[in-house]
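The values are calculated or read from the model by the stated rules, or taken from the named source; none is laboratory data. Predicted model only: the values in this text are computed from it and were never measured. In this analysis, Cβ positions are derived from the backbone assuming ideal geometry, glycine residues included, and neighbour counts consider all displayed protein chains. Calculation scope for accessible area: heavy atoms of the full protein, side chains included, ligands and nucleic acids excluded. Shrake-Rupley method; radii C 1.70, N 1.55, O 1.52, S 1.80 Å.
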Protein chains: 4
Amino acid sequence: MQVGLIGLGKMGHNLALNMMDHGHQVVAYDLHKAAVDAVAKDGATPASSVSDLVSKLTPPRIVWLMVPHGKPVDNLIDQLKPLLQSGDIIIEGGNSHYKDSIRHAEDLKKLGIHFFDVGTSGGMEGARHGACYMIGGDPEVFKTIEPLFRDTAVPNGYVYTGRAGSGHFAKMVHNGIEYGMMAAIGEGFEVLEKGPFDYNFAEIARCWSNGSVIRGWLMELAEKSFREDPRLDKIKGVVHASGEGQWTVQEALEVEAAVPVIATSVMMRYRSMQDDSFSGKVQAALRNEFGGHAVEHA
Amino acid sequence: MQVGLIGLGKMGHNLALNMMDHGHQVVAYDLHKAAVDAVAKDGATPASSVSDLVSKLTPPRIVWLMVPHGKPVDNLIDQLKPLLQSGDIIIEGGNSHYKDSIRHAEDLKKLGIHFFDVGTSGGMEGARHGACYMIGGDPEVFKTIEPLFRDTAVPNGYVYTGRAGSGHFAKMVHNGIEYGMMAAIGEGFEVLEKGPFDYNFAEIARCWSNGSVIRGWLMELAEKSFREDPRLDKIKGVVHASGEGQWTVQEALEVEAAVPVIATSVMMRYRSMQDDSFSGKVQAALRNEFGGHAVEHA
Amino acid sequence: MQVGLIGLGKMGHNLALNMMDHGHQVVAYDLHKAAVDAVAKDGATPASSVSDLVSKLTPPRIVWLMVPHGKPVDNLIDQLKPLLQSGDIIIEGGNSHYKDSIRHAEDLKKLGIHFFDVGTSGGMEGARHGACYMIGGDPEVFKTIEPLFRDTAVPNGYVYTGRAGSGHFAKMVHNGIEYGMMAAIGEGFEVLEKGPFDYNFAEIARCWSNGSVIRGWLMELAEKSFREDPRLDKIKGVVHASGEGQWTVQEALEVEAAVPVIATSVMMRYRSMQDDSFSGKVQAALRNEFGGHAVEHA
Amino acid sequence: MQVGLIGLGKMGHNLALNMMDHGHQVVAYDLHKAAVDAVAKDGATPASSVSDLVSKLTPPRIVWLMVPHGKPVDNLIDQLKPLLQSGDIIIEGGNSHYKDSIRHAEDLKKLGIHFFDVGTSGGMEGARHGACYMIGGDPEVFKTIEPLFRDTAVPNGYVYTGRAGSGHFAKMVHNGIEYGMMAAIGEGFEVLEKGPFDYNFAEIARCWSNGSVIRGWLMELAEKSFREDPRLDKIKGVVHASGEGQWTVQEALEVEAAVPVIATSVMMRYRSMQDDSFSGKVQAALRNEFGGHAVEHA
């Protein structure tokens, strides 16, 4: 199939290669010309602008966005609206909030443009050699673009999730689970590290990656990390949060779902971003007041 | 090799079959004669008592215990002590506390008996077709019994962890991580279930099992669970805790490791075992006192 | 001073009495005529409608809203806008979200109407005999209405917090702290209740209310609760959440503040509202799959 | 009454003064002679050793220990055993683990010596001018020493809790609640500090100390702390944990009580003691592996 791909960052570039591996034709555009040139060298048709990209596609057009959520997605959809026509399709493959996707779908529907919100997992490696997709949008139109997902996903690695918004909602929750799992893994290794034995963490992670109940990709990546830096001496334990974990907790607050583990994992990321915490200062001050416990000075 | 296996429950029986598949000779004993008969039918040499089992083994003997931790392990080791001789080996494959294993190792060392504490993961399926082992004990003696682990584990699925106790410590932490990961998965599906979309959970779990960041055995099992009971209507959400999760938190408290996610996952299991909570009663009573908020009556 | 009070529920009625105790004149209105009659009997001037209430006030008018947040507040402000004039004052004493209050303040400012968002704590008892106020709005105009707060608060029990929104923000955080403190108290009594000793909870709470580090109003209320129902046998541990605790966590998510304790206390309230949890069902199903652990049937 | 007081630290010295204020006679001993001299100057009878102290008491003797838990308490009781006689009384006023107190009580009972475990709250201020006591031990003997507690506690500030161990158990839980309440307060101020408004924290804490639902001694101390250091710029947010919070969680683990808020508050103290966390390092490494997210270097 022919796809107009906008956004050629870490994920987008790999996805373009993946699509071309499977015989799809990619027209590619990015704000950075160097990114367009790079993917053109690999076989994609370069576009010099959004309108140039659209003009190089045969209707019904498929435009796949692989850009950061929020403003970038909003701006591109605004640009695409006058350029596309009824029957065209926008695939939004970023980590957008599902409410934004519902809004985009309703907005584009008035113009007859089909919108699909596609949560994409598997990291850069997945984008290149087999991703995992959660796809929301019109079920009939989905069938016409299903080959794109089938070809670029790992076997069994995509799911049609229902109406618009459901793809990004599923991806949001996926990341919430990911936050919790990562925190559990991190905490476990911290207990190993502080405990009475002297473990080879890479060997432990290797073992746990094979046959254990907690085997999975994250544990395999843990092994890889420990092979490169056995005690992680070079890495600071600052864990940034990109949005979906926070949104999962916000959604849980709205629907009154009890997610204390995911919420705590998000909170610990925030804590990791601080050198010192105001919360801790208050408690240290209180201990000093009532018990005369010495405070450490900042 | 020749192994005396004591404990033929869900795990032990499968392990016996697994060992015999790989050409090892199993002398088997269990308090329940029916369990001995069953494994004898599959090719093991039946033993009628612990001493009978020992008498049927050629020194240096290997006795593998696959029984519940605590009293059962203690009693068996007490029985074995006068029956075994210097150079014999005890493999303790249960979910024992690592401090018990250190005690057993020191105790047996005085008699020249080698003790290995072996954390075993992978469930019944793993015991049957490829387990995951974390093994603590003497490094030189380990080499003599390594074939047993290599043959019955999945490829790359065992690790020598260091001195006695380190195997069960690693298994304890493994289960702590497991508690946290399971809670994260459960909470994620709860958000999906309470959210605005109508998901097919089995399909979501199938997709997440292929190519996603959170892929792994637990997600594959989630798919299986949802295939059997799509909304888990038949299952009550009571999640028992078998010990290691609790021990992980206790150990974290001793070494002052911050494990809020694992601790919370343990606490939520306790909460799940209660129909109502005293903690909740107190809070409901307080709200009634200060705000006149109606309480629900028990 | 003369105050038009709208909303004569548990809090509003008590506040009216409190104001009249201190010589203020109250013109009172509520959707329920019976509530107006009741407070009129106690000395307030009854109003039959919002416009009737406004007509009975002498400019510059002071209208104090004591109604639920959201729609009720929005509707009343919409009704008041054409009835009030430049220089009039609206005091919004409900548990509104601070962003709504900022919106109202900006909206009313265009008409020259002064808006104060007033977080009110202390429960019904406080409204009647001495409340606690956090007050946001114009600092100069505040001075003109300060006597109202000074008279109806406990000594030292009000604070001017800054520009509009800051009063309700402070009240939101106050309630977030309240959720955490209540959960800590509830959990503590649960440990007492499950532990090896047979305590008289009312006596414990009485002792802790006098001289201990954790003394305070909540502990005094705990004593009162236990005096009425020594083991809280009559109360179900369902703890509803009225908004501000949830908002505190949402705000923390926005500003990346680490509030794991408050977040967990909110999550436990949600858990308390469920008879069974989907999260627990998933975990019970997983344990059954990998370990053959029996599930309890729903 | 006549009391032999051993341990003249921050708490013990104040308690001696408190007892003497109420007409009790204090024989005082401490390992540090300067501490003995100081309290002797205030009117206590100095003792030069444990045996000297015992010899200066008239049977039935009352010996009150105010020393750190663990070894110091064990050692003193070992020293006292041969010096005391049947009918004498030991009051153990430290923060000991309740299981130690049960052990001491049983041990001393064989010698006819009565043991009381007394949890003491209220900080240094309380020890000086009115403490809060939770007292476990023999109910009949308790009556004979009750005046000591009545006189040195705030009014209504002591409670007889039951058999030996129950006093320290109650104090343990008290501190667990304290940890949770302090964390909630700390987190609340962190949200205020990170939020959009510029609060005067001392004024907020002053307001919340008067009439609010969350009023109490801790909030009063928070006001005091903020008066001294308005943004706590001089204090590092390192919050040490002295034992009872940890024990509360351990006890909850043993009795399967769900205390996620208290557990999380303990975990956050551990986190505060670390400059960086191994848990965070692992998670940062994982994010780098799957998403190419940059790590910060240690």
Inset, instruction - Leaving out ligands, DNA and RNA, calculate the buried accessible area for the pair D and C with a 1.4 Å probe, summed over both sides, in Å² to the nearest 100. - result: 5800 Å²
Inset, instruction - Distances from C:Ser242 to the same position in the other copies: list them in nm, one decimal, shortest first, using label points 7 Å from Cα along Cα→Cβ. - result: 3.6, 4.1, 4.6
Inset, instruction - With +1 on each Lys and Arg Cβ and -1 on each Asp and Glu Cβ, and nothing else charged, work out how big the dipole of chain D is about its Cα centre, in Debye to the nearest 20. - result: 340 debye
Inset, instruction - Given the options C:Met66, C:Met273, C:Met134, state which has the largest fluctuation in a GNM of chain C using a 10 Å cut-off (strictly under) for Cα springs. - result: C:Met273
Legend entry - Length-normalised contact order of chain C in % [C-alpha pairs under 8 Å, at least 6 apart]: 12 percent
Legend entry - Global form of the range C:2-163, assessed from the alpha-carbon gyration tensor, a/c cut-off 1.5: rounded
Inset, instruction - Between A:Asp37, A:Asp151, A:Asp275, find the one with the highest GNM mean-square fluctuation for chain A; connect C-alpha pairs within less than 10 Å. - result: A:Asp275
Inset, instruction - Return the FRET efficiency for the residue pair B:Lys81, B:Ser242: r is the Cβ-Cβ distance, R0 is 25 Å, and the value is rounded to the nearest 0.05. - result: 0.35
Legend entry - Max mean-square fluctuation residue, GNM over chain A, Cα-Cα springs under 10 Å, options A:Gly245, A:Gly280, A:Gly237: A:Gly280
Legend entry - Anchor B:Lys224: lysines whose Cα lies under 27 Å away (excluding residues fewer than 8 positions away in-chain): A:Lys143, A:Lys171, B:Lys10, B:Lys171, B:Lys194, B:Lys234, B:Lys236, C:Lys281
Legend entry - Cβ charges +1 (Lys, Arg) and -1 (Asp, Glu), total dipole of the protein assembly as shown, debye: 0 debye
Legend entry - ³J(HN,Hα) computed for each position of the range C:175-185 - Karplus, 6.51 cos²θ - 1.76 cosθ + 1.60, integer Hz, glycine/proline x: 6, x, 4, 4, 4, x, 5, 5, 5, 4, 5
Legend entry - the range C:119-177 shape via C-alpha gyration tensor axes, a/c threshold 1.5: oblate
Inset, instruction - Mind checking the per residue accessible area of the range A:1-132 for me, 1.4 Å probe, whole number of Å²? - result: 41 Å²
Inset, instruction - Could you pull out the trypsin sites (Lys or Arg not before Pro) across the range A:97-158 that fall in loop regions by DSSP (anything but H, G, I, E, B) with no more than 14 other Cβ atoms inside 10 Å? - result: A:Lys110
Inset, instruction - Express in % the proportion of alpha carbon pairs of the protein assembly as shown at distances exceeding 61 Å. - result: 18 percent
Legend entry - Taking the C-alpha atoms of chain B, convex hull volume expressed per residue in Å³: 183 Å³
Legend entry - Where labels lie 7 Å past Cα in the beta-carbon direction, separation of B:His297 and C:Lys143 in nm: 5.6 nm
Inset, instruction - Please get the size of the charge dipole for the range D:160-298, origin at its Cα centre, with Cβ charges of +1 on Lys and Arg and -1 on Asp and Glu, quoted in debye to the nearest 20. - result: 200 debye
Inset, instruction - Just the ratio, please: alpha-carbon radius of gyration of the range C:171-274 over 2.2 N^0.38 Å, N its number of residues. - result: 1.16
Inset, instruction - Compute the label-point distances linking B:Gly87 to its equivalents in the other copies; points lie 7 Å from Cα along Cα→Cβ; give nm, one decimal, shortest first. - result: 6.8, 8.7, 10.9
Inset, instruction - Report, as an integer, the average count of C-beta atoms from other chains found within 10 Å of each Cβ along B:116-128. - result: 3
Inset, instruction - Please report which chain A residue places its beta carbon nearest the axis carrying chain A onto chain B, with the distance rounded to a whole angstrom. - result: A:Gly216, 1
